[in-house]
Amino acid sequence: MRPTNNMMRWLSALSPRARLFLLGCPAFALLAASLALQSWENLHPCPLCIFQRFLYMLFGVVAFLGAALPGQGRGKTSVFAALLASVALAGLSTAIYQTLMQARPDLVPECSYTNPGPIEQFVNWIGAYALSSPTLSDLFLATGTCDSQEWAFLGLSMPNWSAICFLAFLALSVWLTGWLAGRTGRR
């Protein structure tokens with residue numbers, strides 16, 4: 001038997017609450033990894049990077065809330081899985097937009113500090129609040145530009161990797177919802 005089949009069998013045996021908890025853990029691990037890379041590589045995150053960090057945090061919080069809140073049944077977990085899929089889709093869209101911005105800066109307008117859009121305004125608001133704490137300012141203060149590629153691993157930039165991660169979160173959220181639609185009895 002292949003390892004993939006064993007993993008799917010193991011995941012299928014978990015309760016929906018355990019699955020939601022397991023979906024939240026990698027989101028916070030990616031958040032911690034982004035902070036570590038920022039520190040080690042002296043990276044300057046842009047507003048889109050900060051927004052993606054916020055979406056990773058939101059994904060993890062929604063997953064943990066779904067696992068922790070009382071209630072049973074497919075309905076509750078399906079609602080949380082749909083919320084997670086929405087957050088993952090927003091993150092995937094943002095990462096793809098930033099990837100396009102880096103690959104073809106002539107086609108996509110740069111995120112702007114002088115004429116900020118909704119994402120930049122949101123990030124600026126969070127960044128202003130974060131200045132009161134050194135830890136939060138590292139997490140939410142945008143100091144870079146969206147079209148710069150300061151870091152790459154295996155030929156992929158940070159937004160490329162983020163798009164892959166959000167795509168995986170989206171697939172897992174959809175799988176969790178689909179699994180619940182066809183499964184009976186397990187709560």
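Bear in mind these aren't lab numbers, they're just calculated from the coordinates by the rules spelled out. Just so you know, these numbers come straight off a predicted model, no measurement behind them. Methodologically, a virtual Cβ is constructed for each residue, glycine included, from the backbone with ideal geometry; neighbour enumeration extends over all protein chains shown.
FRET efficiency for the Ala18 to Val61 pair, using the beta carbon distance and R₀ = 30 Å, is estimated at 0.95. Here the spin labels are modelled as points 7 Å beyond Cα on the Cα-Cβ line, and at Ala33 and Leu156 they lie 0.9 nm apart. Remark: the Ala82-His44 segment gains 10.4 nm on full extension, using 0.36 nm per residue and subtracting the alpha carbon distance.
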